[in-house]
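Undergrad: This structure is in structure tokens; I'll ask about it shortly.
What follows draws every value from the coordinates through simple rules; no lab data is involved. Just so it is clear, the model here is predicted, and its values are computed rather than measured. All Cβ positions, even for glycine, are placed from backbone atoms using ideal geometry, and neighbour counts span all protein chains on display.
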Amino acid sequence: MGVNQATLVLIKPDGLKKSLTGNILTRLSETKLEIVAAKIVRVSRELAVEHYVHLQGQLFFEELIRYIIGELHDRKKVLAMVYWGEDAIEKVRKLSGATNPEEADPVSIRGAYGRITTKGIYENVIHASSNENEARREIQLWFYPDEIIVELYPTREAVEREVQKRMWVK
Ligand code: UDP
Ligand code: MG
């Protein structure tokens, strides 16, 4: 028996544009893992840069940021989810396939649906955390504690004052 883990999964803008959401969720359901958080996110530049901070300095960094924000596709959004269960990180990474879609197992999600752009970016339709530290960092970057239906990491109570928020007109 492996340990229960949480992992961040993103369906990237190319995955959404290619109408792959259903296929990808079906593939991920083979793992028998549980979805414990999900939302559609309009990715800000700050979020994009923070998410890919480990790749800052790479020649393709700026194009990668444009890719995850959705500037290379018509859809400026990603579907962000947290999957939870036994060996979640490895199971989702395995189904996703290698980073380079041309090297990925052809039956993996990236192998089946990914492509390399003329600018050399791997448009590989899905993101999946690659280890527990990364999963924790990424989940805490993309989600607030109350957006996740299980307790994953320690939380603290804080009163937010003078935060401007849009509300529904009543
Ligand atoms: N990427 C790319 N070219 C590279 C390496 C990475 O276009 O040579 C992109 C690709 O979309 C990848 C993302 O940057 O999914 C993050 O890279 P990482 O090395 O973390 O790969 P991953 O964990 O996504 O497999
Ligand atoms: Mg990575």
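Undergrad: I'm trying to understand the selection: among the residues of segment 19-28, which are surrounded by 15 or more Cβ atoms within 10 Å (Cβ to Cβ) and either assigned to a loop (DSSP other than H, G, I, E, B) or touching a Gly at 6+ places or on another chain (Cβ under 7 Å) (or both)?
TA: Leu20, Ile24, listed by residue number.
Undergrad: For segment 1-18, what are the residues that are closer than 21 Å to Ile89 by Cβ and either among the small types (Gly, Ala, Ser) or part of a helix (DSSP H, G or I) (or both)?
TA: Gly2, Ala6, Gly15
Undergrad: Scanning for something assigned to a helix (DSSP H, G or I) and within 16 Å of ligand 1 (Cβ to nearest atom), does segment 29-44 turn up at least one residue?
TA: The answer is no, given that none of the residues of segment 29-44 is assigned to a helix (DSSP H, G or I) and within 16 Å of ligand 1 (Cβ to nearest atom).
Undergrad: I would also like to ask the following. Output the residue which, of all residues in segment 105-144 that are within 11 Å of ligand 1 (Cβ to nearest atom) and β-branched (Val, Ile, Thr), is surrounded by the most Cβ atoms within 10 Å (Cβ to Cβ).
TA: Val125
Undergrad: Related question: Which pairs have Cβ atoms under 7 Å, sit 6 or more apart or on different chains, and link a residue in segment 120-131 that is farther than 15 Å from Leu10 by Cα to one that is of a type in the set (Phe, Trp, Tyr) and near ligand 1 (Cβ under 6 Å from one of its atoms)?
TA: Listed by first residue and then by second, the contacts come to Gly120/Phe60; Ile121/Phe60.
Undergrad: Criterion first (without any contact (Cβ under 8 Å) to a residue 40 or more places away in the chain, crowded, with 18+ Cβ neighbours inside 10 Å and hydroxyl-bearing (Ser, Thr, Tyr)) does Tyr67 satisfy it?
TA: The answer is no for Tyr67.
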